[in-house]
Structures are given as C-alpha cells and as structure tokens.
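Down below is the structure, laid out as structure tokens.
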Amino acid sequence: MIIQFNKIKLFQQPDGTYLGLHVKSPLQAEKAAEKCDGKLCDAELKIHRERRSLDSNAYAWELISKIAEALTAEAQGDIAYSKDDVYLIMLKKYGQGGIVKVPNDCTDKFEKAWKYHKVHEKLWDEKAVYYKFWVGSSNYNTKEMSLFINGIVSECKELGIETKTPDEIAKMEALWGT
C-alpha cells in the first residue's frame, strides 16, 4: 500500500516514539491503520516522483528517429541505423543501469530478463560473469527521463538536428514533475 504525504512529525509518548504523517488520502491512511494495527509491518519512505509522461516518451522517440536518419545519411549507404540501434546507443550514453555479477548457471535467465545488456567482464578463476545492463526508458521516473532526453538533445545539437528550445524543454520538464 502506498500512502502519499507532504509533512511528517515525530511524537514521543510514554510507550515509545510515533511517526505522524500529514496524508493526502485519509481513507487510505485509515485502511493502513486497520490493516497494520498491532502487527509488525515494514514501511519505506522515499521522495515521490511521477512516472515519466507519454509526451516525454514520444519526444524522445521523435529525436531518436531524427538521429537515426541523420546517421544513416551521414554513412552514405554503408550503414543503415534503425531507431532501435540509436535507442540502445542513447541508453548506453545517458540511461540508467549498472554492473551485476551473475553466477554462470544463471546467465541464460539474466539475458532473458534484461533486454539491454552486454558482458562486462569474465574472470578466468570465477564461476560468474559480470554484466553491464541498462534499464529501458519505460521504467524511468520523470527525473531519469529528463536526464535521458537532455542527453538525446545534446546529441541532436551535435548533428545539427533541430530540437525544442531550452525554454520549451523546461516547460515540458515542469509538466513532467521533475
């Protein structure tokens, strides 16, 4: 259960310390109180971030398409870049991801689960493989999507591709909730 709040206070009582939340939905808070009362429960508090909008995704793909066209034209028929090729290049340069150690007997499962990956390192004496992986932009929050799009915009500028003005991008970012 997720409960949104915008203020938090600590209360000291004779039987312990309490955490009070100023909630957006009293009904949700009531349900949570009923469900957890007297039981040991876990709570995770984190800053709320809106998921990236479909508009931001559409803009990213519009720019990625323009980059693919420009790179293909620049290659003069030697190479044809697809949108997916450019998307992976952009993920690698500006996307979210990391490095993970995967036991040898689990590499097939990892490769099926993570579409965007490559072998980072395989040590001769280990029974594991290190993978570099990237998270697809459909899983980005607004801050991550903003970083991704700003990277794509910088690539467009280097290629002489027209993008929205910095003011227009700032307005879009404000709508994304970054």
(request) Mind putting a number on the dipole of the chain about its Cα centre? Charges go on the C-beta only, +1 for Lys and Arg and -1 for Asp and Glu, and I need it in Debye to the nearest 20. (result) 540
(request) Just the isolated ones, please: cysteines in the chain lacking another cysteine beta carbon under 4.7 angstrom. (result) 106, 156
(request) Starting from the Cα-Cα distance between residue 105 and residue 128, subtract it from 0.36 nm times their residue separation and give me the gain in nm to one decimal. (result) 7.5 nm
(request) Let me have the relative contact order for region 1-48, percent, based on Cα pairs under 8 Å that are six or more residues apart. (result) 32
(message) At a 10 Å Cβ-Cβ cut-off, how would you order 121, 111, 44, 162, fewest neighbours first?
(response) 44, 162, 121, 111
(request) Measure off 7 Å from each Cα along the Cα-to-Cβ vector at residue 120 and residue 147, then give the distance between these two points in nanometres to one decimal. (result) 1.5
(message) Test of understanding: in a Gaussian network model of the chain with alpha carbons linked when under 10 Å, which of 71, 21, 88 would top the mean-square fluctuation ranking?
(response) 21
(message) Kirkwood hydrodynamic radius, computed over distinct alpha-carbon pairs, for the chain: how many Å, to one decimal?
(response) 20.3
(request) Find, to one decimal place in angstroms, the Kirkwood hydrodynamic radius of region 1-48, where the mean of 1/r is taken over every pair of different Cα atoms and then inverted. (result) 11.9
(request) Quote the relative contact order of the chain in percent (integer), defining contacts as alpha-carbon pairs under 8 Å separated by 6+ residues. (result) 22
(request) Work out how much length residue 8 to residue 158 would gain on full extension: take 0.36 nm times their residue separation and subtract the Cα-Cα distance, in nm to one decimal. (result) 49.4 nm
(message) Over 21 Å between Cα atoms: which of 66/164; 92/118; 46/143; 118/143; 83/122 fall into that group?
(response) 118/143; 83/122
(message) Name the residue from 36, 11, 22 whose Cα lies farthest towards the positive end of the charge dipole of region 1-48, charges +1 on Cβ of Lys and Arg and -1 on Cβ of Asp and Glu.
(response) 22
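Values quoted throughout were computed directly from the atomic coordinates according to the rules given, and no laboratory measurement underlies them. These figures come from a predicted structure and were not determined experimentally. Positions of Cβ are generated from backbone atoms using ideal geometry, with glycine treated the same way; all protein chains shown enter the neighbour counts.
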